[in-house]
Amino acid sequence: MLQFSNSAPNLLLILTVSVGFMQGRKEGLLTGFISGLMIDLFYGNLFGFYALIYMLSGYLSGHFCDVYYDEDIKVPLVLVAITDFGYNFVIYVTRFLLRGRRNFPGYLTKIILPDIVFTVLIAIIFYRILYKINHAMVAREKEGTKSLWIKG
């Protein structure tokens, strides 16, 4: 796994936000649920916690599907940054603040901001790959509806 300054890119969050942004709320919700469930199964202490966070991330990013443009990368990168901040903030509140650790400025500068920067930098590359996959899937779907044998 790539790691820089004690932070790693959140690839599942990039996947969830990208699918929600390109496909819509239902697909983002489903992708977020599966991604969060995988984290819960392998790393989580409280089952369903990450599934809920990722589901909300996918669903909320799916609201921006209406402003989806083919070559525009600014909106998905901003969505990834905002979602990553929200994800880390929820982690801070549930894992640290409720236990009496109130050093939010330290957590912000040492964990949240480097994580956001690194995730957004990786999202630039990863989003392009997901965009090409999505474009190929949509083209194949449209090609299937034009078939003489399948009436649409």
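A short reminder: the numbers here are calculations on the coordinates, not readings from a lab. The structure presented is a predicted model; accordingly, all values stated were derived computationally and were not measured. Heads up, the Cβs are rebuilt from the backbone with ideal geometry, glycines too, and the neighbour counts pull from every protein chain shown.
Here are a few things to note about the model shown:
- The simple spin-label model puts a point 7 Å past each Cα toward its Cβ; for ALA8 and ARG140 those points are separated by 3.0 nm.
- On Cα atoms only, tilt of 74-95 relative to the major axis of the chain in degrees: 40
- Take every Cα pair under 8 Å whose residues are at least 6 apart in sequence, average their separation, divide by the length of the chain, and the relative contact order is 27 percent.
- Helix 49-62 axis, angle to the chain major axis (alpha carbon atoms, nearest 10°): 50
- Rounded to the nearest 10 degrees, the angle from helix 11-23 to the longest Cα principal axis of the chain is 40 degrees.
- Calculated on C-alpha atoms, the gyration radius of region 85-130 divided by its Kirkwood radius gives an Rg/Rh of 1.13.
- Lys-Lys pairs in the chain that are eight or more residues apart or on separate chains and whose Cα atoms lie under 22 Å of each other come to 6.
- For VAL75 and TYR43, the difference between the fully extended length at 0.36 nm per residue and the C-alpha to C-alpha distance is 8.5 nm.
- Values [x] 0.94; [y] 1.05; [z] 1.39 are given for comparison; Rg/Rh (Cα atoms, Kirkwood Rh), derived from the coordinates here, is the one labelled [y].
- Computed from point charges on the beta carbon alone (+1 for Lys and Arg, -1 for Asp and Glu), the dipole magnitude for the chain about its Cα centre is near 260 Debye.
- Residue (of TYR69, THR119, VAL17) at the positive-pole extreme of region 11-145, dipole from beta-carbon charges: THR119
- Each stretch of four or more DSSP H residues adds -39500 (n - 2.57); spread over every residue of the chain, this sum gives -23000 deg cm²/dmol at 222 nm.
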